Amino acid sequence: MVIVMKQFPHNGVKMKRDNGKVSRRRVVVSGIGVVSPNGIGAQAFWQATRLGVSGIKTISLFDPSSLPCQIAGEVTGFRPDDYLPSKDLKRVGRAVSLAIAATKEALRSARVDAEAMSLEERRTWGVILGSGGGTPDFTEQQYRLYFTDQVRKASAYNISSSTIGTLSSELSLYFDLKGPSHVISTGCGSSTDAIGYAFNLIRFGLADHLVTGGVDATITPGIMLGFSIMKAVSSSHNRDPQRASRPFDRLRDGFVLGEGAWMFILEEEEQALSRGAPIYAEILGYGATCDAYHAVRLDPSGEEPARAMALALQDANLAKDEVGYVVLHGTSTVLNDRTETQAIKLCFGRRAYDIPMSSIKSMIGHPQGASGAAGIAAAIFGMKDNVLPPTINYEEPDPECDLNYIPNRGLERAVEISLCNCISFGSKNSALVVARGDAR
């Protein structure tokens, strides 16, 4: 049997072919970086999450007193000027500095020195980022200048820095990475889809090393007003913010907007091992579907989210009974939580009642397009430490949400395989399967 290595001239990456068939390569997570409402740094995030510590608080980024919802999962104590000079901070949105901070940590944990890379090495590193909102803080600030007759203060980067694509561009520029630089924006599932896309690029030989994950920083007056008008956000816990996000609880009344960045280094396994990098996890499968039902409402049948999960498991060549933990989308809205519960039952049948599952949005809020990456980070650390994070604020069971949501306290359990589920506006659904790594 002859193994032929095919050279791709556009990026220098090699792909194995076995008798004309593409041989899938193993894709591992070798680095993780986090900037989260409940902890800056991957370990701070994980320690807070495993203990059920909430990062939801009264908004300080602007005065929210005129809004029905005045709370959010806001990252506090973060200093953007630790990562970018003031001249650059004036031309980019908050999400850029969050993503740079998380990427720095991810590269460091993967034992990668970006500054020491040769030109040839830089051409094998790319950025595949997920974001639902991009840089709305920058855009809204530019609009305010126009409507308050301060046009002369407008930025020359008004257009380029307002596009969602600027996020991956800024990361590529900052770290001088010359491989593909893409942003996937599919609503709340953006980072799950970005990681799935990165996974496929690497396993089919189109890339060797990718910075991937999710970032969103959408806690702005305009975004908060929009969600309030939709009656999508919780408005009954302004005085006790940490109790507001309560996925699957009978008294849930909407999600809490969050922000943050959860970034990963994905690599072909042999590349990571040759550098002595830690192996935090292995990505095994990805699946995506669309309800094609409504712009913002879910199909209550749950059939397509269930199919996305089944497709991810099929892609991973795993049976449903091999899943030991499910990271839920769990936004804390009435319809979403009920529909997701139904989808889990459709996918797993009677076994749905035996699988532990949880929503970390109860602690960090809903960071929009970054939420899938946040859940994947929690799953990876949970498998490493044999502790599954809880769903906090679960106080009054909802008869229509009757699965094991790991209420209020983390669960000590060894798990080898986790499934991460996401549901987005526009009826989009995506799922990833992640396996425990050795984390040397």
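Values quoted throughout were computed directly from the atomic coordinates according to the rules given, and no laboratory measurement underlies them. The structure presented is a predicted model; accordingly, all values stated were derived computationally and were not measured. FYI the Cβ positions are ideal-geometry reconstructions off the backbone, even for glycines, and counts take in every protein chain you see.
Centre-to-centre, using Cα atoms only, segment 212-231 and segment 343-375 are separated by 21 Å.
Approximating the spin labels as points 7 Å out from Cα along Cα→Cβ, the residue 163-to-residue 151 distance works out to 2.4 nm. Fully extending the segment from residue 173 to residue 79 would add 31.8 nm, taking 0.36 nm per residue of separation and subtracting the current Cα-Cα distance.
Packing, taken as the mean count of other beta carbons within 10 Å per residue, orders the peptides 416-425, 202-211 from highest to lowest as 416-425, 202-211. Ordering 344, 355 by the number of other Cβ atoms within 10 Å of each residue's own Cβ, fewest first, gives 355, 344. The peptide list 257-264, 146-153, put in order of mean Cβ contacts within 10 Å with the highest first, becomes 257-264, 146-153.
Distance from the alpha carbon centroid of segment 273-326 to that of segment 232-264 works out to 24 angstrom.
Could you compute the net charge surrounding residue 156? Neighbours are other residues with a C-beta less than 15 Å from the C-beta of residue 156; K and R count +1, D and E count -1. Its environment carries a net charge of +4. The residues packed around residue 183, meaning those with a beta-carbon under 15 Å from its beta-carbon, carry a net charge of -3 if Lys and Arg are +1 and Asp and Glu are -1. Using the Cβ-Cβ distance between residue 43 and residue 301 with R0 = 56 Å, the FRET efficiency computed as 1/(1 + (r/R0)^6) comes to roughly 0.90. Working from Cα pairs under 8 Å separated by at least six residues, relative contact order for the chain is 22 percent.
Quick one: grab the alpha carbon gyration tensor of the chain, order the square roots of its eigenvalues as a ≥ b ≥ c, and give me rounded if a/c is under 1.5, else prolate or oblate depending on whether a/b is larger than b/c. Because a/c hits 1.5 or more and a/b fails to exceed b/c, the chain counts as oblate.
Rounded to the nearest 5, the antiparallel percentage of DSSP beta bridges internal to segment 27-274 is 65%. Spherically averaged projected area of the convex hull of Cα atoms, segment 27-274: 14.5 nm².
Residues whose amide H falls under 5 Å from that of residue 83, counting only those 5 or more places apart or on a different chain, are absent, with hydrogens built in the peptide plane.
Think of each Lys and Arg Cβ as +1 and each Asp and Glu Cβ as -1; about the Cα centre, that makes the dipole of the chain roughly 560 debye. The value of relative contact order for segment 109-243, using C-alpha pairs under 8 Å at least six residues apart, is 37 percent.
The simple Förster model, with R0 at 30 Å and r as the Cβ-Cβ distance, assigns residue 413 and residue 113 a FRET efficiency of 0.25.
Over the chain, dividing the summed -39,500 (n - 2.57) contributions of all DSSP H runs of at least 4 residues by the number of residues returns a 222 nm mean residue ellipticity of -9000 deg cm²/dmol. The simple Förster model, with R0 at 22 Å and r as the Cβ-Cβ distance, assigns residue 60 and residue 90 a FRET efficiency of 0.60.
Listed cross-link partners 231/320; 153/428; 153/231; 320/384 are compared with a 28 Å cut-off, the Cα-Cα value being larger for 231/320; 153/428; 153/231. Local charge for residue 108 was computed over the other residues whose Cβ lies under 14 Å away, with Lys and Arg +1 and Asp and Glu -1, and equals 0. Candidates 418, 394, 333 compared by Cα position along the dipole of segment 286-436: farthest toward the positive end lies 418, with charges placed on Cβ.
Charges were assigned to the Cβ only: +1 to each Lys and Arg, -1 to each Asp and Glu. The resulting dipole of segment 27-274 about its Cα centre is roughly 780 debye.
Amide H to amide H under 5 Å from residue 216: which residues, 5+ apart in sequence or cross-chain, H placed 1.01 Å off N in plane? Placed amide hydrogens put 260, 370 under 5 Å from residue 216. Taking a ≥ b ≥ c as the square roots of the eigenvalues of the Cα gyration tensor, an a/c ratio below 1.5 marks segment 286-436 as rounded. Normalised by the number of residues in segment 27-274, the mean separation of alpha-carbon contacts (under 8 Å, six or more apart) gives a relative contact order of 31 percent.
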